[in-house]
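The values are calculated or read from the model by the stated rules, or taken from the named source; none is laboratory data. Note that the coordinates shown come from a computational prediction; the quantities given were computed from them, not determined experimentally. Every residue, glycine among them, receives a Cβ derived from its backbone with ideal geometry; neighbour counts consider all protein chains shown.
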């Protein structure tokens, strides 16, 4: 096996290591391999590993990267030491032995060279006996065993920092405002930080469902409701968290009523004596709405004691390989044959700007899973059109632009699916939300004469 540098020699000499080794494509390639695989520097240090390698050695990535291969020889007796010795001599190595309790594991080390024959690293592949000796494939294949859907979340440094701040806010019962573009995973983020404890309820409500007619009954409950007393959202969240999603959709009168309700003297009685942690979420810049008079400044400061912003996917392109692996693991859980991604498809995936963020990445891969056979090619790469972004009327405010973009996504989903239920599933929302949003779109569309 050889990997050749994709660029010609320059006047200053050749670059020993191909550029793609340090890019996300190579990490994606390693994570797509079914066998435990590591990329080694020539001095024996481990530079990259895939999930299967971590599992086989029972050591996390942090305990592997940057360490000398010989340090882990205790896990593989003479096998890893033999591979390290061969690498020092720039020789190919094959052998069998026990690694981390796995007897008869096959190890293969291949020195990688540039087109001019200059060595720049090595691949170490460890194959447990139950996997056989299948050769490495040339496609990007994602198997469920490498990254099961119930594994921990894929977190970038920015996400991890936001999660740590949010958890501290909830621990201190400080009102938390979560912002981020559509599709950045705000709902999943809130569920992760607030819904992990089964003894602490998480009540999630879309503010678009709150009206002046039902606000009091929804928030505070009804003592004489048909069929008996009906608890409100605050009481249901007692001891846990109340999440108000799309808080920007509240009208100014409802904002005033929410502010009055959030006053401690009004809030506690309906919480049945328990503390209710408040989380709000929005896709817009509330401070900009405050400046325009579309959102109350006093309410903004009341709900935004702590603010966290989830980054857009285009700002974190290094996350695309890990997110792709997680999504593909979920897709391949019940797909036969398992889907693999061709290099051409992968290049398109890595080069896209994702205005719909993580949700758009999920939709692209879900579409490829339905249109392709065993491997997704460039022809299977489809992105939704962007009518709102391409035809943005001058002078339109941010809220209208967001609504227009959302309506475009909904229209595309309805056109691409047989039912509202499947369209809602593709968009990552429930059917009731889809029906409500399509109804709002009809009412907001001017009559054409």
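Any residue that is at positive phi and either crowded, with 16+ Cβ neighbours inside 10 Å or modelled with pLDDT of 85 or more (or both) - is there at least one of those in the stretch 226-238?
no
Under 29 Å from residue 204 (Cβ atoms), surrounded by fewer than 17 Cβ atoms within 10 Å (Cβ to Cβ) and modelled with pLDDT of 70 or more: which single residue out of 422, 444 fits that description?
Checking each option against the conditions leaves just 422.
Would you please name the residue that is nearest to residue 108 (Cα to Cα), looking only at residues in the stretch 62-78 that are touching a strand residue (DSSP E or B) at 6+ places or on another chain (Cβ under 7 Å) and at pLDDT 80 or above?
If we take residues in the stretch 62-78 being touching a strand residue (DSSP E or B) at 6+ places or on another chain (Cβ under 7 Å) and at pLDDT 80 or above, then 69 is nearest to residue 108 (Cα to Cα).
Which numbered condition trips up residue 72, out of (1) surrounded by 14 or more Cβ atoms within 10 Å (Cβ to Cβ); (2) assigned to a loop (DSSP other than H, G, I, E, B)?
Exception for residue 72: condition (2).
Find the residue count for the stretch 38-54, including only residues that are more than 19 Å from residue 324 (Cβ to Cβ) and assigned to a helix (DSSP H, G or I).
Of the residues in that region, 0 qualify.
Table: residues versus (1) buried (at least 18 other Cβ atoms within 10 Å of the Cβ); (2) in contact with a strand residue (DSSP E or B) (Cβ under 9 Å, 6 or more places away or on another chain); (3) over 23 Å from residue 26 (Cβ atoms).
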residue: 95; (1), (2), (3): no, yes, yes
residue: 99; (1), (2), (3): yes, yes, yes
residue: 108; (1), (2), (3): yes, yes, no
residue: 112; (1), (2), (3): yes, yes, no
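If you check 303, 320, 327, which single one turns out to be in contact with a helix residue (DSSP H, G or I) (Cβ under 9 Å, 6 or more places away or on another chain), in contact (Cβ under 8 Å) with a residue 12 or more places away in the chain and over 21 Å from residue 26 (Cβ atoms)?
Just one listed residue meets the conditions, 303.
Counting just the residues of the stretch 370-392 that are within 25 Å of residue 187 (Cα to Cα) and crowded, with 17+ Cβ neighbours inside 10 Å, which one comes out modelled with the highest pLDDT?
Here the residue is 384.
Any idea which of 107, 84 is under 15 Å from residue 44 (Cβ atoms), part of a helix (DSSP H, G or I), at pLDDT 85 or above and in the same structural domain as residue 52 (by TED's automatic domain parsing)?
The unique qualifying residue is 84.
Considering only the stretch 182-222, how many residues are under 16 Å from the mean Cα position of the chain (by Cα) and either assigned to a helix (DSSP H, G or I) or under 19 Å from residue 165 (Cβ atoms) (or both)?
Summing the residues that are under 16 Å from the mean Cα position of the chain (by Cα) and either assigned to a helix (DSSP H, G or I) or under 19 Å from residue 165 (Cβ atoms) (or both) in the stretch 182-222 gives 10.
Residue check, residue 281 against (1) in contact (Cβ under 8 Å) with a residue 24 or more places away in the chain; (2) crowded, with 17+ Cβ neighbours inside 10 Å; (3) part of a helix (DSSP H, G or I), all met but one. Which one?
(3)
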